[in-house]
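Student: Below is the structure I would like to discuss, written out as structure tokens.
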Amino acid sequence: MSYTVLVFVKQVPDTQNITGDAMTPQGTVNRAALPAIFNPEDLNALELALQLKDRYGAKVVVGTMGPPNAAEVLRASLYRGADECVLLTDRAFAGADTLATSYALSCCVRKVGKVDLVLCGRQAIDGDTAQVGPQLAEKLGWPQICYVEEVKDLTPEKITAQRAIEGGYEVLTSPLPALLTVIDSNDPRPMAARRIMRCKHAMTRSEVAKAHADQNYADSTSIDEDIESLRAKNLLIHEYTAADVNAEVSRIGLAGSPTKVKNIMSVVLTGGEAKSVDPTPAGVSELIHELISDHTLG
Ligand SMILES: Cc1cc2nc3c(=O)[nH]c(=O)nc-3n(C[C@H](O)[C@H](O)[C@H](O)COP(=O)(O)OP(=O)(O)OC[C@H]3O[C@@H](n4cnc5c(N)ncnc54)[C@H](O)[C@@H]3O)c2cc1C
């Protein structure tokens, strides 16, 4: 049996490099303005999916919800060994909180169809909520195993995985289909030069249209002809709008988000005035009272 493993990855702002124009006037994160990277734990989720492909035979599909340039993390996934990619992109998805994001991703899972396993990273380094994976499992009505560090066994009926818990680990077995969130527990394989040479031509429909508009493509071929040739070479990145995945507009983007991100900024810790504390019980108790009175503690 060949399994279908769908890995959700996120293109995140490089939080080491938050610039002044991080927010749009509408109060959403200005992702196009920020240097973007592959969310680290999603590389671990992709690596686990590729290991399952090597061990049990699987088709690895990678999906992301984001602006058009999020296709970059999909190409980076193809360079590492993914088989197919899906870009969920539509202005209607912008400003989504985790509730709206997980709903949109659940619509994507249903659109892809016949999925045996969904893998997510434990957490994204920008929102940092670790909520999307568990929320997505709930929306799919699937069992979930979180904080996975290793898959022990996979059969057409069930999966056995080891997950990290405080002070140790747990081995759980779940029926399929199931959702796993993966922690930093493996060494993501590097991008393969041979795959880069082939898959750097992978494009979405919009990118093909833009290339034609920018006259990068000789007019000898039409947009549809180029898309068909990409599809034939398995280099077409599937591009879905909210309508393509039958998403209810009231449940996605800002409209579907009870949580609004007010502002993000770089927190630069600067040294303030220093104060020495007597290493005596009285000195320590004075310090604790001071920290409580200025609400640093308690
Ligand atoms: C600074 C900041 C604070 C935020 N705080 C909140 C908050 O408190 N509550 C809230 O609801 N929203 C919050 N958001 C919005 C939140 O970032 C988005 O909803 C985001 O799409 C998902 O949440 P997350 O980044 O915390 O992801 P997490 O829940 O940490 O992501 C877990 C995993 O889900 C998958 N995933 C997440 N987003 C995507 C995506 N777009 N495409 C594909 N896979 C994905 C990835 O596998 C990822 O590893 C915040 C955003 C920012 C920038």
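Student: Quick check on my filter: what residues within the range 16-46 are open to solvent by 10 Å² or more (accessible area, probe 1.4 Å) and at pLDDT 95 or above?
Tutor: Result: F38, P40, E41, L43.
Student: Anything in the range 122-137 that is among the β-branched types (V, I, T) and near the ligand (Cβ under 6 Å from one of its atoms)? List them, or say none.
Tutor: Those that are among the β-branched types (V, I, T) and near the ligand (Cβ under 6 Å from one of its atoms): T129, V132.
Student: When residues of the range 123-134 are filtered for being crowded, with 23+ Cβ neighbours inside 10 Å and not small (G, A, S), how many remain?
Tutor: Total satisfying the criteria: 1.
Student: A further question on this structure: Which one is farthest from L52 (Cα to Cα) among residues in the range 1-10 that are out of contact with any Phe, Trp or Tyr (no Cβ under 7 Å at 6 or more places or on another chain) and at pLDDT 75 or above?
Tutor: Checking each candidate, the answer is K10.
Student: Moving on to the next point. I'm checking my understanding of the structure. Among residues of the range 95-115 that are aliphatic (A, V, I, L, M) and under 15 Å from the mean Cα position of the chain (by Cα), which one is modelled with the lowest pLDDT?
Tutor: Restricting to residues being aliphatic (A, V, I, L, M) and under 15 Å from the mean Cα position of the chain (by Cα), the top hit is A96.
Student: Answer yes or no: is there a residue in the range 139-161 that is assigned to a loop (DSSP other than H, G, I, E, B) and buried (at least 17 other Cβ atoms within 10 Å of the Cβ).
Tutor: yes
Student: Give the residues of the range 273-286 that are open to solvent by 70 Å² or more (accessible area, probe 1.4 Å) and not in a helix (DSSP H, G or I), sorted by residue number.
Tutor: Result: E273, A274, K275, S276, D278, P279.
Student: Looking only at residues in the range 50-67 that are within 16 Å of the ligand (Cβ to nearest atom) and open to solvent by 10 Å² or more (accessible area, probe 1.4 Å), which one is nearest to V182 (Cα to Cα)?
Tutor: Checking each candidate, the answer is M65.
Student: In this structure, does K139 turn out to be among the basic types (K, R) and on the phi > 0 side of the Ramachandran plot?
Tutor: no
Student: Also: Please enumerate the residues belonging to the range 238-263 that are of a type in the set (V, I, T) and within 13 Å of the ligand (Cβ to nearest atom).
Tutor: Across the range 238-263, the qualifying residues are V245, I252, T259, V261.
Student: Got a number for residues in the range 93-116 being surrounded by fewer than 19 Cβ atoms within 10 Å (Cβ to Cβ) and more than 12 Å from the ligand (Cβ to nearest atom)?
Tutor: 5
Student: D187 is checked against (1) surrounded by fewer than 17 Cβ atoms within 10 Å (Cβ to Cβ); (2) without any contact (Cβ under 8 Å) to a residue 40 or more places away in the chain; (3) within 19 Å of D54 (Cα to Cα) and fails just one. What number does that condition carry?
Tutor: D187 satisfies every listed condition except (2).
The values are calculated or read from the model by the stated rules, or taken from the named source; none is laboratory data. The model shown is predicted, which means the values in this text are computed figures rather than measured ones. FYI the Cβ positions are ideal-geometry reconstructions off the backbone, even for glycines, and counts take in every protein chain you see. Heavy atoms of the whole protein, side chains included, go into the accessibility calculation; ligands, DNA and RNA do not. Shrake-Rupley method; radii C 1.70, N 1.55, O 1.52, S 1.80 Å.
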